[in-house]
Every structure is written in C-alpha cells, then in structure tokens.
Amino acid sequence: MIRFYLALLFCSLVSLQVILSQVTFPVNGIRNPVKQLILIQNAVIHPDTGVNAITGEILIHDGIIQELGKTVNHPQDAIIVDMQGMNVYPSFIEPLSAYGMPEPRRTQENQGNFRNTNNAMISTKEGAFSWNEALHSETRAVTLFNYREDDATKYREAGYGLVQTHYADGISRGSAAIVSLNQANEHELILKEESAHVLSFQKGMSAQEYPGSLMGAIALLRQAYLDGKYYSTAIKPKEVNLSIEEWIRLQSLPQIFIANSPLDILRANAIAKEFNANYIIKGNGQEYQRMEEIQKTGAKLIIPLKFPPVYEVEDPYDVLQIDLSDLKHWEMAPSNPALLAQNHIPFIFTGMDNKDHKEVLTNVRKSIQRGLSENYALYALTRGPAEYLGIQNLSGSLATGKLANFIVADGNLFDEKTTIKENWIQGNRFNFIKQPHNPIANGQYNIKMDSLSYLLTISGSIDKTEFKLEAFDSSKISIKAKLSGDYISGRINRNHPKGEILFAAYKNQNTWKGTAQMENGSWKEIEFIRLSNDVLSKSKNDTIKPKENIGSIVYPFGPYGWKTKPQVKTYLIKNATVWTNEQEGVLNNTDVLIRNGKIVNIGKNLTEKEAILIDATGKHLTAGIIDEHSHIAVNGGVNECTQSVTSEVRIGDVINSEDINIYRQLAGGVTTSHILHGSCNPVGGQTALIKLRWGYAPEQMKFENADGFIKFALGENVKRSGDNRAGRYPDTRMGVEQTYIDAFSRARDYDQLMKTKPNETRHDLELDALAEILNKKRFITCHSYVQSEINMLMKVAEQFNFRVNTFTHILEGYKVADKLKKHGAGAAGFSDWWAYKFEVYEAIPYNGAILHDQGVVTAFNSDDAEMARRLNQEAAKAVKYGNVPEEEALKFVTLNPAKLLHIDNRVGSIKKGKDADLVLWNDHPLSIKASADMTFVDGIKFFDRNEDIKMRSEIQSERQRLIQKMLKAKSGGEEAQPFQSRRRRLYDCDSVGE
Amino acid sequence: MSKRYYSGIIQLSFLSFRNWIALAIIISINPCIHTQPAPAPVQKEKLAIIGGKIHVGNGTVIQEGCIVFDNGKIIYAGSDSKKAEGIKNRIDAKGKQIYPGFICPATNLGLAEIEQVKATIDDQELGVMNPNVRALTSYNTDSKVIPTVRSNGMLMAQVIPNGGRISGQSSIVQLDAWNWEDAVIRADEGIFLNWPSPNPPRGRPSETESPSTTITDRYQNEINELQNYFEASMAYSKKEYSSEMNLGYEAMRALWNGQKKLYIRVNHAKQIMQSVLFAKRFNINPIIVGGAEAWRIVDFLKRNDVPVILNELHSLPLRDDEDVDQSYKNASLLKEGGVLFCLSVNGFWQQRNLVFQAGEAMAYGLGYEDAVASISLNAAKIMGLEKQCGSIEAGKDATLFISDGDALDMRSNNVIRAFIQGRDVNLDNKQKELYRRFWAKYHPE
C-alpha cells in the first residue's frame, strides 16, 4: 500500500522533481520544494555487467546515485522505498533512434512529381551548403529535438532510460544527441549535445537525383572525405562550405554507419578503412550470413532485434512464393546475437527497427534461449551502448555518481515470466501498474453463490488472463470475466432461460468476496475460495523447452549455398576431347591435370596418385566461358544515370556475392564475368571483373590484379531517347561527342595539375578515372551500335592519344570493321539481336563473322542473366551466320573476351600454367545438346551436375522442414503474417534505379 | 479453304520455277540489289522431294522419304520413292532433313517493327477490355523482320495483340504474302486475355498501405471486373440484334458459340487453375499461354483437357529455390504429364530462335520428334488446324522446308529451301543482303 501511495506522489510531482536548483525558464505557480533523497532498500541489485547481484540499498540524491551497497547511509529525510523481492538493473540505452525528431520531409520544390534533370542537379537547400542535399553534416539533432510524451512512455515501459537520437535522413546525417527519457523540458533532457556523426548509404528525402544508385552513394561519400581533406589542408580554400566545415568537425565524434545488409557492413567498413575512420556499424540482423568476413572487419556493430514473423503457409502454392532464404532467416534470426558473441564480434542492441520497443526484451530473451549469455545481453543493452557512445560515466551501470537510471523487475530480467514493473530515470520513478494480469491470481478456486458451487481456474501470463469454469456435475457452463488488480467482475452462463449471472468480487486475503446478480435479478453473495497453486506450478514446468533443431548456415545464405565452401583439389580429367584454344587445336582422348588451381599438364595417359580422377570419356573440356558484358551480382542499381559523366562510381563497390544467377551461370559454364555499369550516360562507371566463386564474399570474387575498365555508352540510351525526362545533356549524338571532348579536356588539365601541384589540387574522383584512361591505366568498353558513333569515339580517343579498348554490343561493327582493326579496338556483341530499337535496325547476325574475318578480336556477350547461361549456343550462331570455324566460334566466348579484358595470360585457353577455369561438357560445346557437367574456377569445382541434383532435393527437404516448423509455431499461438514477395530485380544495360 | 486468297497473286506467277531460281542466283551474286524478297508465286507444277529424312511433325520420322506436292497440297509423303516417278520437278534431298513449316503460336510479328519506336508498334490498343480489336488488319506483310524469321524455318504464325486485360483477337497467317488478306490461314482465331496478377507491381512497395491486403484485394477486384464483363457480354449475346451496338460484347459473341477460342496468358500454377476454373464457369475450354508453372499441375490440365502454349523456355527459374534448368525442362515435364502443348517465344524478331528452343527442350528430355511436333503439329492441333497443316502428311498444305543439317541446333540449322502452300519461298532477307554488301566491301574481286 505504501508503495502505491509513493508512486502516486511521485507521479504527481514528476515534472518538478528533477528541476535543478536554478533554471533559465519561469515556472507557472509556486516553487514546490521536494525531498530529493530516496533510499531504496531490500532490492536485488544488478549494478553492472559481469558483476554479481547483491541484495542491498541505493541512495539517490537529485537524480544521481549517491551510494550503492549492502547497506548505505540512511539520511533521516530520505523517502524510503522497499523493494523486497524486486530485481534492479540499469535502464537500457537505445543507441540509435529518431526520438523527438521531426519527420524527414522533402523540400517544397520537390513535392511535385519530378523536377527536370537540369534542376535536379542543383540543391534545393538555400545557403552555402554542400552541392548535394544528401550530405547535410550541418544538421544537429540537438537543435531539432522536442520532447514527445507518447514515444517517451513507450521507451520507458520497454526499459529504456536514455536514447541517442538523430535526424534519420540522408548520407551524412549530421550529429546525433543523447537525451534522457525523463519527463521534463528539453533543456533538461539533453545530456550530450553531439554524441556521434551518423552516416548511411541512403539518399533519403533529397530532391536531387544524384546519387541514383548505391555505388553513387558510395562515390559521394568517398568524395566527401576527399573534400574534407582538401578543405582543411588547402592553402586557401576558394569557397566557404558550411557542410564541409561541419563534416570536418564531426570527424572527432564516434562515427555511426547505418548499413542494411551484411554486404553493406563490408562496404561501409571498406570506406572507413580507406579514410582511416572507425565506424560503429548498424546491421540488419543477418550478420550470421557473412560472419567470417564481418569478423575480419573488426568493426563494432549495432544489431537490431527485429525477427521475422511466422508466415502464412496454409496454401501450398502460396508457400512457393517464400524463398528458402526467407524461411531459413525466420529460423536463424534469433540465433544471430549468440553467433556474433561466439565469434567475438563486439556488438550492442538497438530497437530501431522494432515498431514496438517491448519487442526488444522479448527478442533478447529468445536470443538467450539460442545461446547468448545473459551477461552479454545485459551488456548489449546497458554498459555496451554507454561505452560505444562515450557516456559510461553517465549511465550504463549503477554506481556512485551515475544517473539513477534503473529498471525494477519482478524476477530475473531475462526470464520469460518476468515483467518490468518500474523504470527510474534520473531518480524519477515511472511505475507501470497497468499490468493486465497478475500471475499471482493464477490458481483454482471454488466459487460459491446462492446454493451453487463451481470450479474456476484462472491462468495466463503477462498480458492475458484466462478463465475456465466447470460445474461439478459436468453440466454445461461458461464464464467471461475481467481481472483488474484485486478486483474481478464478469458473467456466468449456465444456460438459464432468463440469461446470465453478473458478478463482482474483490480480494480478501486468500479468498475473493462479492456479490452476484442472478438471472432473475436477485442479489446474492459470491465467494471464491482458493484451492491450490497446482496450476501455477504446472505451467512453470511447461516452460522447459526441448532443444531446437536448427538448420545449417550455408554460403551464400539460400538455395544452392555451401555448408562448407568448396576447396581447391587436384583433379585428373581423363580421356576428354580438349578444346585447347591454342595452336594444338582440339585434342581427342586427352587428359588434363589440375593442381593448386592451375593447369599443370595436358597429354595422353597422364597419371597422378593424389588426384581425383574424372572420367571424361565422350565429353568435351573447354576453357571457362567469359562474359564480357554482364550485369548480374550487383546491389543497388547498375546505372548512375543522373549525370552524363559518372566515372567516379565503381561497380566493384557493389558486387552482390549472394546473387543466385552466379550459380545458374556456373551451371552454364561461365567462370568469369565482366560486370558493367549500365549504358545510361556517355561516361558510366568503373567496371568490375569477377570470377564466379559462388559462396565467397564480394572481395574474394574479384579477379586479382586485373586491369581497370570503365563503361562508356553512345547513342539512343545516352540521349535518353526512351525517357520522358529529357533535359540531361546530351540530347544528340553531336552532344555526345562534345561531352567526351569536354570530359577529356578537363581530365587532361586536371592530370597536369595533379602532376605539378598535387597538394593544392582538389582530389576529384571523376577526373581521376578519366586521367587514368589518358595515362593508359584504365580501359574503355563502350556500348555502341551505329557506325557513325563508333567512328566518332575512335577519333576522339585518337585526338587524346589513347585507344578504345572494346566496343560492346557494336551491332553495326561490320560496317567499320576495317577502321576498328586499324584503331586497335576489339568487339563484343550480341550474336543475333536486332530490331529492339532504331539504332539496331541494321544489325545483322553476320556481324561477328565479318569482324572476325577482318581481324578484329571478336566476342559474344550476354547483357542478360538468362542468356549468359548458354553463351556456348550463342557462339554456335557464329557458325550458322557466316561460317566461322567451330574452334574460332568457341573463342568468341572464351579466349577472345579474355584478350579484350587483358587476362588471356591467365584464362581463356587450356594451356599449362593457366588458371584451371574449365568446363566439362556432356556433348560438343557448340551443340544445342551441350550442358555443363562440371565447372571449375581456379581448380575449385563450383558446379557439379550430380551435386546439383543432390542439392535440389536438399532444398526441398529443408523447405519442408521449415514449413512444418512454421505450421507448428502458428498452432502454438504465434501470430502469422502473409508473406510479402519481393521481386528481385534483374539488370541489363537500360536498367535505371535500384 | 485458303485458295481464295491466292487470286490476287496468280497473275504474278508468270515466272516459272526455273526462272525464279535463276533470279535468286542473280540476286545472290549481285550485292547491289536491296531486297525485300517478293512473295513466291503459286505452285504451277507438281514437285517431288526425294531422299531426305522427313521429320513428319506427328512424332514420327521417315528415313530417305519422298514427298510429292501439287497445287499447294501434299499428295504423298512416305518412304516410297516410286511415287516421284515421272515428276519433272524434283529436288534431291539426300542427306538433308525435311521439316514441316514451323509455327509461331503467339507473336506480335508484323505488328511491331522496332520495339522502342512507338510509331512502328501496333499490338497494344488503349483501354482494358478490347476484344473487338483485330490483329489481322494491322499485320504488315512487308515487315523486314518476317523474312529473317522465315529463313530459319518458321513459316506460319499466330499474330496476337498485347496489352490490356482483354487484348483483342489473333489471326493465323503464313509468312509469305503480298498483303494480310493473302496471308490469312484463319482470320480472327481467338481472343487473348491477360489473367490478373496477384503479385505486387514493379517498383517500391508503398509503406503506408498494407501491401499484402491491397494486392489481394486488387487481384480479386480485377477478377471481378473480368467476371462482370464476361457475364454482361454473355447476356448481351442472348439477343440476335441489339438496339445499342456494343462492339466489345459483339466480339465476345463468338466465344459463347465456340467459334473463337479463349487464350489466357498466365504463368503461375495457382493462377492457371483459377483462370481455367473461371473459363469453365462460362463453358469455355481455354488455352493457356505462358504456363511457366504448368508443370506443377499437369494432372489438373489433363483432367480439364486444357492445352498449353508454353512460352519462353529460355527463362530464368521463377524462383531462387527452383532447379536451375527448370524452364528448360518444362516441355518434357508437360509431355510426360500427357498435356497437349506447343512452344512459343516472346517478341517478333526473336521468333527466328523458336526452333532452337525446341532444340533446348530436346536437350532437356523431350524426344527429338516430339520437339519437332512441339513447334509444328502440336501448335496446329491447339489452334484446331491439324487437318490443314502442321505436319508432312498427304492432304495437308505443302508447307515445309529442307535444312542442310539438324534444324533444331544453331550449329547446323541451314534452311536451303522452303515451301509455303507449295510456293517456293525466297529465303533471302535484309540481313543476308547487308552481309553480302559488306562482305563485298572487304573482299572486292
């Protein structure tokens, strides 16, 4: 009872209680002197992570812990709070939120549908700020912060005492602030004005088009670091840029980066490393899928506790929409924290992704069931965030001098049955007495009224009370009731013709007494006599759960992923028809030995003791297929379409190692893919060359020490012919030429400056890449169709004294084959595509044959995730259209693209010393009947038809297991949600956007 | 039946067969003539093709067969070479392969010339319910694309409208004609319907709405709209004359008496079943076009006697979890399941590769002659034309071609002669002409 009154007292005084002795604002009313000494007694105190709990006392003065121990001073004027049977823990700290922030909005000018491209290059923000609105380091959360009662209440009820808040929009989001969740004026709630610099890859509400892709966001970020460096070291900055000034200033704070996938964590970390920064990275809960790589980053993480719900799986056809990776993630998500901890990856928790903050504790408990230690769980909610944010002197544990921020629970915090009863913030007590159910009422009662006698069972947990009424003579009877604290009311239906009984009773020691209004309207006494506690103890026994059977983590995380990544082995491929692509031509009944990832021997009757023998009788062995033009395995868009020159963006930043098309193309014999930027602008982005090392992380897929390439494009795409949003220069082929001349002139001037005055020159990523072309350190692969433009680009290149390495698509190449040869450019095109746009109306399938005949290095490529799976058939079309000899035709998709990519010293033919990138075909490789039986990359067997068939059935049985598990979970009371199918985007040259 | 369409070109048949060959040779030698090959004249003399391997189209094969045709019709097809005795015009096809003219069962060929040039696109009318629009009258026989398709062995096509919920009416044409009237094999064959999709539309999901609910609702609404339209047009058809003409409902009339077929474009198993059950409520036996997931429900399709135009074997699996070669296998799975099916490919210029998709089906389990049937007789059967064409059998149109090698494999596909209803088709095309022109540029002699 005393506690109850105390709570009332405190609640009524809340807004005044924390007021310090002097404030700058007036109070409406008289000053209300408050006792500010509070003594907590008899509590089980958990003061800090890793410290044993003590039963003891806490003395609080003015919101600060004065003393803590088994016994402390007992000042006479202290309010005494008895916490017998209660557990006290430090309040949680939310490291990442937008609490008290305004909703990010677009500026007025961008409210309409779109701005024309010309305007979209200009920031709508007035003043001397960054050219790009997504970089607004000048934003200070502290200046935007407003107290929000509703949100604060929800946080408090979930156990939080402090949050770090930030304006959740943009790439550089400015500074975050640490605020208290106490109830007070903003002035008193702000505990740290600037606690971190928050960054992300999301452009957010910016009215500008740039960046229009993930790689664009990365380029923008990279340039921001360079500009910061330039601005702070330039002898005399020519401009005042407030955003850059703030950017520089914020570098001394903790840098928090919001990533949305395991691969984004790796990307963020790479940027941090590049610029000697340290990011604390917020993940998305899928970190276990790339644990090894994430561990290597050494970065501290902020891990969300959002677990996917059970999906509706009742219709077998609807279930097909749910991918295995989603089913598996549903199962694995609660294991993520434990797995991180087991791998010694430092992390703390955030509830940022949870709509209901209370889900955090619920999900922490689930994580503990999966093996996370209670100790680490507490750390990740309290001390950890304090340390990460540099406020460990303020909060995160309970000790003298720290804020009196603690939660009061009626048991072990991580026990499912435990509830948080109170949350004290800066000594201010918030009591949550609206618990709908008190488990203490659980039990069996004998109800007596009038001359009737029934058996009532009350059961239930935290938020739900259940009632069951039985008659001793087993006649039919039912009850509906409401239990509210020590008061119970409801109705009893005993199938009486006049209706039901209404009743109300209150607790009287071990029994409940009250009145019932019978069906006929008469009032009678009612009494509930408690029988035993059996029900309570029984339900406790139920909580012992059998150990869960959990599927394995595979790489990549989804279908056809490896349980263990395949390793390099020694193989002896016996008795194959070997298409060497060398002078030896096609060798019959020949053996090939591969070891340590290389081809070590080719010949007849080879032997090798340790080698795994592969009988290739009747089969054909060729070099792996090389796709000169591909857009698979990319995250966040292949086109940075927003400007006509975007040489600063890099496909290599956004390789998606988890794309299923990697595996599908291995099944089609592809071993190396040149991943290109799209063809939206005259100068596109830098390309990436990957080997299809399925299961490995993006960096491990990259072709080692390969020359850098860049995508250019000509014609209709760069004129934006199919786009209503005309307005971006150039609009004609004439303008395309000028764009190049301008870009290369700028690059030449820049290169000169860089060479003469490196310290005074602003490092410009766009011009760097162009200067590399001028210095013959980067090479062009140019999307092209008609002869005029092909000729034009060659002339521009010659004017700037370099050569165009490759024209890709180049369907009118046959018209200028002689000029290509003379210039020294190669060609990589489609075999037989045409008529899809005006500029390919004169395309002919004989193109490859003529180019080849004229001595141009000629390749066929895909630009299409499906077609890449059968490039051998595309090569065969060169035989059909133009009678190219079969051996030469096969080179169109193997050796010739290798030459175009400057990797023919490593791959493209079967030759001693070259990489063991090989395909074993079940038939003549140019035949329609051919399919790959095995595909090797670096001597590692990444595809094996027999293994594939095994994996197919494993996929089906794993799906089945998980669906059954979901059905069970749903039957067990978990709320199911319909699955929202995501359409995964396939990219080609013309794809704009993410 | 198609004879009346010949009347327009009979007068042009002054060129004898031999002269025609001579002309073709002149064209092939002289690279300066820019050709859109002229349609071939009507067959005047009896012709025999002897010694070739005949892929009949019905699943059988005749080694060293003999084909005789006259007046555009096959008189004899079999192994008896004596049937060719006394015939002056004969082609020695020894070592060659003979196939029935392949049929593109669903294409906008002739309705589109350049995909991204709107002015050349005539296959999508505005509006949602367009059963009245007819592909036939927009079919452009002078399209530069058609000869490129023809020269790989595709000699007939069902040209179809696209877009909207009910796209309009298709027609079946042969691919060598002066104008659409001459091209007709069957006018206004069927009505094409795009079954609604329960999947979210492309683009970012809206965060404000609950997407799952709204998508389900939208799907149901679209089905309801379709249902209303069908019911209304059916009711309308009960009267012979309407005081107020409704062109759409008029066009639907032929569905109710079975004069036109209903083609439903749909891919996912559940939607295929829903669409078939929908059609059955109106006593219509539909034809499924697309059918990417038809393999999952072969029993359902067989029980309901629903044929499938299986579209685009060269597709990625619908889902990550599926077998990597799922699409390639689809044809053989339908065959095993006893479903009547034929193959089709997307687009118009792409039709020349239909033959290789049949090859792909063969590589993934379909028997060779079944693969041939899947782009010839099966297509004819689905369209109800099996008595007239689709295979090399006596009494049918003499629509067939001779290939130097295996036509289903790009490595060996080389169509050297083709006949459409007995007419000796010119196999030249714009692309061959450009090839000759530029080859000559680099190799002046």
For A:Ile79, residues with placed amide H under 5 Å, excluding near neighbours: A:Leu37, A:Ile38, A:Leu39
Going from the alpha-carbon gyration tensor of region A:439-540, what semi-axes, largest first and in whole Å, does one get by taking the root of 5 times each eigenvalue? 22, 15, 12
Counting Lys and Arg as +1 and Asp and Glu as -1, what is the net charge of the other residues whose Cβ lies under 9 Å from the Cβ of A:Ile458? 0
Out of residues 5 or more away from B:Ile416 or on other chains, whose amide H comes under 5 Å of its own, with H placed 1.01 Å from N in the peptide plane? B:Ile402, B:Ser403, B:Asp404
Taking amide H positions as placed 1.01 Å from N in the peptide plane, with prolines and chain starts having none, which residues 5 or more places from A:Phe257, or on another chain, fall under 5 Å of its amide H? A:Leu199, A:Ile280, A:Ile281, A:Lys282
Within 10 Å of each Cβ of A:924-930, how many other protein chain Cβ atoms are there on average? 6
Bins of 5 Å, starting at 0 and running to the largest distance - Cα pair percent for region B:224-272: 5, 18, 24, 23, 15, 8, 4, 2, 0
Report, to two decimal places, the Cα Rg of region A:838-994 normalised by 2.2 N^0.38 Å (N = number of residues). 1.46
Other chains near B:354-367: what is the mean number of their Cβ atoms within 10 Å of each residue's Cβ? 2
Protection proxy ranking, peptides A:63-73, A:298-308, A:231-241, A:970-980, average beta carbon neighbours within 10 Å, highest first: A:298-308, A:63-73, A:970-980, A:231-241
Partner chain coverage, peptide B:429-442 - average Cβ within 10 angstrom: 5
May I ask for the Kirkwood hydrodynamic radius of region A:142-269, worked out over all distinct Cα pairs and given in angstroms to one decimal? 16.5 Å
Taking the convex hull of Cα positions in the protein assembly as shown, its mean projected area over all directions (nm²): 68.1 nm²
How big is the convex hull of the Cα atoms of region A:730-846, per residue, in Å³? 105 Å³
Overall Cα dimensions of region A:663-732 - principal axes, largest extent first, Å: 43, 26, 18
When the Karplus curve 6.51 cos²θ - 1.76 cosθ + 1.60 is applied with θ = phi - 60°, which whole-Hz ³J(HN,Hα) does each residue of region A:382-389 get, with x for Gly and Pro? 10, 4, x, x, 4, 5, 4, 9
Size of region A:623-942 as Cα extents on the principal axes (Å, biggest first): 59, 42, 38
On a 0 to 90 degree scale, rounded to 10, what angle separates helix A:214-233 from the longest Cα axis of chain A? 90 degrees
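Packing-wise, with mean Cβ within 10 Å as the measure, how do A:770-782, A:259-271, A:518-530 rank, highest first?
Details: A:770-782: 20.2, A:259-271: 22.3, A:518-530: 14.9.
The most tightly packed comes first, giving A:259-271, A:770-782, A:518-530.
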Please report the spacing between the Cα centers of region A:914-985 and region B:178-193 in Å, no decimals. 44 Å
Whole-Å distance linking the alpha carbon centroid of region A:601-618 with that of region A:799-841 is 42 Å
Cα pair count fraction exceeding 28 Å, expressed as % - chain B: 52 percent
log10 I(q)/I(0) for region A:327-455, Debye formula on C-alpha points only (no solvent), q = 0.10, 0.17, 0.18 Å⁻¹, two decimals, reads -0.45, -1.03, -1.12
Whole Å is fine, so just give me how far the alpha carbon centre of region A:485-530 lies from that of region A:251-272. 62 Å
Can you list the HN-Hα couplings for region A:293-304, worked out from phi with the Karplus curve (6.51, -1.76, 1.60; θ = phi - 60°), rounded to whole Hz and with x for Gly and Pro? 5, 5, 4, 5, 5, x, 6, 7, 10, 10, 10, x
At 10 °C and 1.306 mPa s, the Stokes-Einstein diffusion coefficient in µm²/s for region A:783-829, with hydrodynamic radius from the Kirkwood sum on alpha carbon pairs, is 156 µm²/s
So what are the radius of gyration and Dmax for the Cα set of region B:130-181, in Å? 11.8, 34
Along region B:256-262, Karplus-curve 3J(HN,Hα) (6.51, -1.76, 1.60; θ = phi - 60°) to the nearest Hz, with x for Gly and Pro, reads 6, 9, x, 6, 10, 9, 10
Cα-Cα over 20 Å: which of A:Lys619/A:Lys929; A:Lys821/A:Lys880; A:Lys417/A:Lys480; A:Lys776/A:Lys911; A:Lys154/A:Lys482; B:Lys96/B:Lys396? A:Lys821/A:Lys880; A:Lys417/A:Lys480; A:Lys776/A:Lys911; A:Lys154/A:Lys482; B:Lys96/B:Lys396
What's the ranking of A:123-129, B:367-373, A:961-967, A:607-613 by average number of surrounding C-beta atoms within 10 Å, highest first? B:367-373, A:961-967, A:123-129, A:607-613
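Bear in mind these aren't lab numbers, they're just calculated from the coordinates by the rules spelled out. All values reported here derive from a predicted model rather than from experimental measurement. As a convention, Cβ positions derive from the backbone with ideal geometry for all residues, glycine included, and neighbour counts pool all protein chains shown.
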